[in-house]
Structures are given as C-alpha cells and as structure tokens.
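K.L.:
I have a structure here, written as structure tokens, and I will follow up with some questions on it.
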Amino acid sequence: MMDFSNEQLQRYSRHIILQDVGVEGQEKLLKSSVLIIGTGGLGTPAAQFLAAAGVGKVGLVDADKVELSNLQRQVLHHTTDVGKLKVESAKEKINSMNPDVEVKTYPYYLTSQNIKEVIREYDFVIDGTDNFPAKFLINDACVIEGKPLSHAGIIKFGGQVTTIVPGGDTPCYRCMFPQPPKPGSVPSCKEAGVIGVMGGVVGTIQATEAIKYILDKGELLTGKLLTYDALKMEFRKINLKKRDNCGICSDDPEIKELIDYEQGACEL
Amino acid sequence: MKITLNGNVVEFEGGLTVAELLKKEDVDMPDMVSVELNGEILDRDSFGDQLVKDGDTVEFLYFMGGGC
C-alpha cells in the first residue's frame, strides 16, 4: 500500500472516512488518470473537482484561449487569464489547488489522426466539447479503444449526460444519435446561449461518474440518459438500449475508420 | 389514444405517425431529435411510416452539442 503523508491524510480525510472510499479508494484515485476534452463550461468544473479529489493525473485538451465571454461559466478561468491558453490557465489553478495532481496539457484539437494515442494514456475520458464532430469522434475513438467515457451536452437551460463503458451491453452515443445533425441544423451555445451553472451541474455529474468508475462503486449512468431541465428543475433518466445496427459499437460495425466530420459554419 | 411522451401521459385523437407526433408537439426540426419508441431508437427514415399506438412510450432525445 501507498504511504500517505500527513498532509494527504488531512487533505483527503473526508474521502477516507467514507466506507466506500477509505485509504484503498483514495489510493485508487491517486493512481488514476482522467482525460478532459474541452476545458470550458463542462470541462472546468469537472477538472476542478477531479483535481481536488486527488485524481493523480489529469489531461486537459483544448486549443482555445480564454475569452471574456467564457467567464460567465468556465469557473477555472479568471479575468486575468483572458488571452491565455485555456489548458495553461486551468493547469495553473489545479497546480495551486492540489500538488498531488500531475496535469498534462494538449493545446490542440483532437482529430482522427491523434485521438487514439491521447486517450490510450488515461483510465477514463470526459467529453466536455462544444460541437458534434468532436462528440462523435470521441465516442467512436473510445468505443474502438475500449475506453470508458462520460458524454454530456448542455444548451440554454438544459443538459444531458450518459456514461459509456464499451465492450459490454452499454449503448454508445451513436446508438442514440446514429449520425451528427446536418451542420447548422442544431444551434450551438454561442448561438443559443446557456445558463452558466449548466456546465457546473452537468460537468460535476461527469466528474462523479469518473470517480465512481475509478472506485468501482455504485451504479453508473450506463444505458441511461440523464436529462436535466433547469427551468422545471427536473431530472429524468431515460433507458437506452444498444442498437443492433449501431455504426460503431455493433458486432459488425459499418464504420471502420474514425471520421472527421465537418464543423457547421455557424459553430466556428 | 393515450401515450407516455417524455414521461408524461398525453392523449391524442386517433392514430399518429412519429412524424405527425413531432409536428403536433411543435418539433419543427426533426433533425434535432432522435425518437425512442418503446425503448428502441427509430431510424430517422421511418418517422413518416411508423405509427404510434395506444399505450406506447415515446421519448424525444434532443441533440445537445454544447460543452461550451
């Protein structure tokens, strides 16, 4: 077993006292790695809580720089960070919050050419991206690589989240949505707006799923789409089934190679 | 007929196709939703032919692309 320092025993005492975590669980967290793709509305709260929880290695992927319009919801970035790479801004905060966490940054976009080698390094992947080409690419790559994934989306006052553990009975994103929508047919947050807290609620659910997966405790949101309607303050779980003819996770998938879908012009 | 739509029991006069149901529910862009009928995701091409019957459970799953 790992030797915990006095500081670590104090830092993680509220975890360690939990029957379902204990020192064994905390050791699992410290030895685990989570990749967060997109360090925006979903990714920053997820990163913040995973780092605080002592996830030993956190990977951050984002090519964008912090803009003033991000700060209404992307809570790890501050006013003084405007113009800085988001992954650098997030890394600085995490380093100052928890020195136990190794932060690896990827200041570029993931494509069919580079995604597999990046996700291979991690135990769990969090999709915090803001566009469909990325969401489909991440789903397909995780299915091919057998990598567990938390998928989420937010817009306006709504959110949705599901967990995909490939290889078993778990439906994937493509089981729900066989193809991306036509570019421009579905509005992005930039066009439609989003209440800042949506990312906080949904991103921390994603972090919760990652922690449960690492600890191997409880029931994951596999085979369920959790939808959140903030206006009605209503959470619903919709049962999902694996689709026999799913393009990527069925026994004889139609998709053999990862696809770089084109981004809708209005999303750029 | 009575169906359970997105968790709520709703009543409609007579039978409906999925496409008609989407229209009645003011989903003017069917591209935005996947439809689950009694637990099975429908092929988009079948929306015009697939009938919704009394007692069916229907879920509209909306595309949400934000992460923002």
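The values are calculated or read from the model by the stated rules, or taken from the named source; none is laboratory data. Here the structure is a predicted model, which means the values were calculated and not measured. All Cβ positions, even for glycine, are placed from backbone atoms using ideal geometry, and neighbour counts span all protein chains on display.
K.L.:
Of everything in segment B:22-67, what is farther than 26 Å from A:T170 by Cα and among the hydrophobic types (A, V, I, L, M, F, W, C)? Give them in sequence order.
P.N.:
B:L22, B:V27, B:M29, B:L51, B:V52
K.L.:
Sticking with this one: Looking only at helices (runs of 4 or more DSSP H) that fall completely inside segment A:156-243, which ones have 2 or more residues that are under 22 Å from A:V75 (Cβ atoms), in contact (Cβ under 8 Å) with a residue 40 or more places away in the chain and more than 10 Å from every other protein chain (Cβ to nearest Cβ)?
P.N.:
Counting at least 2 such residues, we get A:197-215.
K.L.:
Among the listed residues A:E121, A:E102, A:E92, A:E117, identify the single one that is acidic (D, E), surrounded by fewer than 17 Cβ atoms within 10 Å (Cβ to Cβ), touching a residue at least 60 places away in the same chain (Cβ under 8 Å) and away from chain B (no Cβ under 14 Å).
P.N.:
Of the residues listed, the single one that is acidic (D, E), surrounded by fewer than 17 Cβ atoms within 10 Å (Cβ to Cβ), touching a residue at least 60 places away in the same chain (Cβ under 8 Å) and away from chain B (no Cβ under 14 Å) is A:E121.
K.L.:
For segment A:1-55, which residues satisfy the criterion of being surrounded by fewer than 14 Cβ atoms within 10 Å (Cβ to Cβ), part of a helix (DSSP H, G or I) and either within 14 Å of chain B (Cβ to nearest Cβ) or within 25 Å of the chain's Cα centre (by Cα) (or both)?
P.N.:
The answer is A:R14, A:E24.
K.L.:
Among the residues of segment A:69-79, is any within 14 Å of chain B (Cβ to nearest Cβ), at pLDDT below 95 and in a loop (DSSP other than H, G, I, E, B)?
P.N.:
Yes, the conditions are met somewhere in segment A:69-79.
K.L.:
Further, regarding this structure: Would you point out which residue out of A:V201, A:V186 is among the β-branched types (V, I, T), buried (at least 17 other Cβ atoms within 10 Å of the Cβ) and under 20 Å from the mean Cα position of the chain (by Cα)?
P.N.:
From the options A:V201, A:V186, the qualifying one is A:V201.
K.L.:
A follow-up question, please. Pick out the one residue from B:E40, B:E20, B:E13 that is within 11 Å of the chain's Cα centre (by Cα), surrounded by fewer than 18 Cβ atoms within 10 Å (Cβ to Cβ) and not basic (K, R). Let's see the steps before the verdict.
P.N.:
On the way: B:E40 fails: within 11 Å of the chain's Cα centre (by Cα); B:E13 fails: within 11 Å of the chain's Cα centre (by Cα).
Exactly one of B:E40, B:E20, B:E13 is within 11 Å of the chain's Cα centre (by Cα), surrounded by fewer than 18 Cβ atoms within 10 Å (Cβ to Cβ) and not basic (K, R), namely B:E20.
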